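Peer 1: First, the structure itself, so that you have it in front of you.
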């Protein structure tokens, strides 16, 4: 499903009205009827229910006034409060204001001096709110500019403190429809009925925390308009994931499902590579190779029995030039205590002479999980960027060393997927984490377009940015996945999908949903607090099976 920014939805509405000849009042009426239907679904019936409707001065307020009219006609007791001067209401919204007055409803104007000083006035309004079965929020729409202050802010606070079920029309008042940021104060809705297409801000944090349940209502906008708009933002859902699952023909062997090479390994971090390898195998890769420091190879041999271990050269402390890489105490510990054999457990730059051989016949190379930034990691990563002819998945410490000179991505000879969390993205872009989190979509889009890499910006609502500017917003995942190792699992999943023939773009989109849905399935059984990365690995096959069953016509609930 496509997702829109407010300005894109405004253009769609304008096209429907001006070029397709659909009157704006018709779209407003259809919007109101869809809201009334959700009110009925929530309350069970409308007759004799008490509903408070807050309407602003724009078209969002016009929708609210039309809703009030239909509720009144169906037997509800409706109180309407217009937030601001009713004389400022124009156009289609004014038509609906005139109608509600003619049918006997008496909208009350809320003005700053009343909110702040008229005790009786507020007491009457609070009495109606206390008796209400629902509050309908139609104060501010998606065209909000700037911080919410004054009268509107006061009313929103009253709504939020009421304890009543709140339904917002199109978007909770006070929410930025493009970024999901709260513009000072925002209605905390239990349900939002949004029109035509979901708004980006409803899906991103913190907007998704304010929207409640999101209902996308069809208000009669021709689908042809959406098709010709060249919209770049999309939702990743189960249907998209299901359509991307690699096929498994009957007459095949392990070589048909691809060869993954994962370059990993550093003292104390061997678990990361193990998780990535197991995830690639569970995703369906035919062969998984682990390129690791030779002194650590036995750990991978024991923990991932299905993988093939390639012993690579450790950085050797007998070369005194390496002493500059470490603080003196750390060097002494590693040299004399941890590595008396003079081998460190960190990959040496001397492996570059053999990398061409290591990557031969591989279908995808993943670099970074549990690798550290020491030894030859930068040199190895740079060599792969400049020489690999097969797709790369760059994660964790590969990204950390790239951040020393991000321009090296301009030397890519192949497609690449980068998978930064916000901290890593901050190092790659010189933006603060706060700046990144406040505009996740554009951050991912800009990085993908600037460097020509598929960009997976991890976090709540993981964003996949493609080099052509297309964005996919993932809808799966939960806070239980905020635990060590889950990112390594995602790297393995994406690499495993590429190995089986998906493009890096497809693998990233399918991979983030598979990863998140595995976490959701685990959390539904054991809760979020006890979820660990290994649980995701074991759940991967069940998510893939559910996707295949759905694709084959078996509906999985």
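The values are calculated or read from the model by the stated rules, or taken from the named source; none is laboratory data. Everything quoted here is computed from the prediction, not taken from an experiment. For neighbour counting, all protein chains shown are included, and Cβ atoms are generated from backbone atoms with ideal geometry for every residue, glycine included.
Peer 1: Could you tell me how many of the residues in the stretch 385-425 are under 19 Å from residue 353 (Cα atoms) and out of contact with any helix residue (DSSP H, G or I) (no Cβ under 7 Å at 6 or more places or on another chain)?
Peer 2: 4
Peer 1: While we're looking at this one, here's another question. Assigned to a helix (DSSP H, G or I) and touching a helix residue (DSSP H, G or I) at 6+ places or on another chain (Cβ under 7 Å), is that true of residue 105?
Peer 2: no
Peer 1: On to the next question. Mind listing whichever residues of the stretch 494-503 are buried (at least 24 other Cβ atoms within 10 Å of the Cβ) and farther than 16 Å from residue 252 by Cβ?
Peer 2: Passing the criteria: 494, 495, 497, 498.
Peer 1: Could you please find all residues in the stretch 359-400 being at positive phi, in contact with a strand residue (DSSP E or B) (Cβ under 8 Å, 6 or more places away or on another chain) and either crowded, with 21+ Cβ neighbours inside 10 Å or modelled with pLDDT under 95 (or both)?
Peer 2: 368, 372, 375
Peer 1: Also, I was wondering about something else. Applying the selection to the stretch 288-303, what residues are over 15 Å from residue 275 (Cα atoms) and either within 32 Å of the chain's Cα centre (by Cα) or surrounded by fewer than 17 Cβ atoms within 10 Å (Cβ to Cβ) (or both)?
Peer 2: Answer for the stretch 288-303, where residues must be over 15 Å from residue 275 (Cα atoms) and either within 32 Å of the chain's Cα centre (by Cα) or surrounded by fewer than 17 Cβ atoms within 10 Å (Cβ to Cβ) (or both): just 298.
Peer 1: Same structure, new question: Residues of the stretch 182-196 being under 18 Å from residue 63 (Cα atoms) and surrounded by fewer than 21 Cβ atoms within 10 Å (Cβ to Cβ), which ones?
Peer 2: 191 - this is the single residue of the stretch 182-196 that is under 18 Å from residue 63 (Cα atoms) and surrounded by fewer than 21 Cβ atoms within 10 Å (Cβ to Cβ).
Peer 1: I'd like the full set of residues that are in a helix (DSSP H, G or I), farther than 16 Å from residue 65 by Cα and more than 30 Å from the chain's Cα centre (by Cα), limited to the stretch 1-50.
Peer 2: 17, 18, 40, 43
Peer 1: Has the stretch 495-517 got at least one residue that is within 23 Å of residue 424 (Cβ to Cβ), at pLDDT 95 or above and either part of a loop (DSSP other than H, G, I, E, B) or not assigned by TED's automatic domain parsing to the domain that holds residue 361 (or both)?
Peer 2: The answer is no, given that none of the residues of the stretch 495-517 is within 23 Å of residue 424 (Cβ to Cβ), at pLDDT 95 or above and either part of a loop (DSSP other than H, G, I, E, B) or not assigned by TED's automatic domain parsing to the domain that holds residue 361 (or both).
Peer 1: A follow-up question, please. Given the condition at pLDDT 95 or above, crowded, with 19+ Cβ neighbours inside 10 Å, in contact with a helix residue (DSSP H, G or I) (Cβ under 8 Å, 6 or more places away or on another chain) and in a loop (DSSP other than H, G, I, E, B), answer yes or no: does some residue in the stretch 270-285 qualify?
Peer 2: Within the stretch 270-285 (the criterion being at pLDDT 95 or above, crowded, with 19+ Cβ neighbours inside 10 Å, in contact with a helix residue (DSSP H, G or I) (Cβ under 8 Å, 6 or more places away or on another chain) and in a loop (DSSP other than H, G, I, E, B)), the answer is yes, since at least one residue qualifies.
Peer 1: Return yes or no: is residue 22 surrounded by 17 or more Cβ atoms within 10 Å (Cβ to Cβ), closer than 25 Å to residue 214 by Cβ and touching a residue at least 40 places away in the same chain (Cβ under 8 Å)?
Peer 2: Considered against the rule, which asks whether it is surrounded by 17 or more Cβ atoms within 10 Å (Cβ to Cβ), closer than 25 Å to residue 214 by Cβ and touching a residue at least 40 places away in the same chain (Cβ under 8 Å), residue 22 comes out as yes.
Peer 1: Then there's this: Tally the residues that are in contact with a helix residue (DSSP H, G or I) (Cβ under 8 Å, 6 or more places away or on another chain), surrounded by 24 or more Cβ atoms within 10 Å (Cβ to Cβ) and assigned to a helix (DSSP H, G or I), restricting the search to the stretch 133-158.
Peer 2: 1
Peer 1: Oh, and also: Looking at (1) without any contact (Cβ under 8 Å) to a residue 40 or more places away in the chain; (2) closer than 29 Å to residue 199 by Cα; (3) outside any loop (DSSP other than H, G, I, E, B), which is the one condition that is false for residue 126?
Peer 2: Answer for residue 126: the failing condition is (2).
Peer 1: Given the condition closer than 18 Å to residue 173 by Cα, under 32 Å from the mean Cα position of the chain (by Cα) and not in a helix (DSSP H, G or I), answer yes or no: does some residue in the stretch 64-75 qualify?
Peer 2: For the stretch 64-75, residues closer than 18 Å to residue 173 by Cα, under 32 Å from the mean Cα position of the chain (by Cα) and not in a helix (DSSP H, G or I): absent.
Peer 1: Suppose the filter is surrounded by fewer than 22 Cβ atoms within 10 Å (Cβ to Cβ) and touching a strand residue (DSSP E or B) at 6+ places or on another chain (Cβ under 6 Å); does residue 29 pass it?
Peer 2: It is false that residue 29 is surrounded by fewer than 22 Cβ atoms within 10 Å (Cβ to Cβ) and touching a strand residue (DSSP E or B) at 6+ places or on another chain (Cβ under 6 Å).
Peer 1: Scan the stretch 228-246 and give yes if some residue there is over 30 Å from residue 362 (Cβ atoms) and either more than 24 Å from the chain's Cα centre (by Cα) or without any contact (Cβ under 8 Å) to a residue 24 or more places away in the chain (or both), otherwise no.
Peer 2: Taking every residue of the stretch 228-246 in turn, at least one turns out to be over 30 Å from residue 362 (Cβ atoms) and either more than 24 Å from the chain's Cα centre (by Cα) or without any contact (Cβ under 8 Å) to a residue 24 or more places away in the chain (or both).
Peer 1: Out of the residues in the stretch 437-482 that are in contact with a helix residue (DSSP H, G or I) (Cβ under 7 Å, 6 or more places away or on another chain) and part of a helix (DSSP H, G or I), which is farthest from residue 531 (Cα to Cα)?
Peer 2: Filtering the stretch 437-482 for residues that are in contact with a helix residue (DSSP H, G or I) (Cβ under 7 Å, 6 or more places away or on another chain) and part of a helix (DSSP H, G or I), the one farthest from residue 531 (Cα to Cα) comes out as 451.
Peer 1: The conditions are (1) at pLDDT below 95; (2) crowded, with 20+ Cβ neighbours inside 10 Å, and residue 261 fails exactly one of them. Which is it?
Peer 2: (1)
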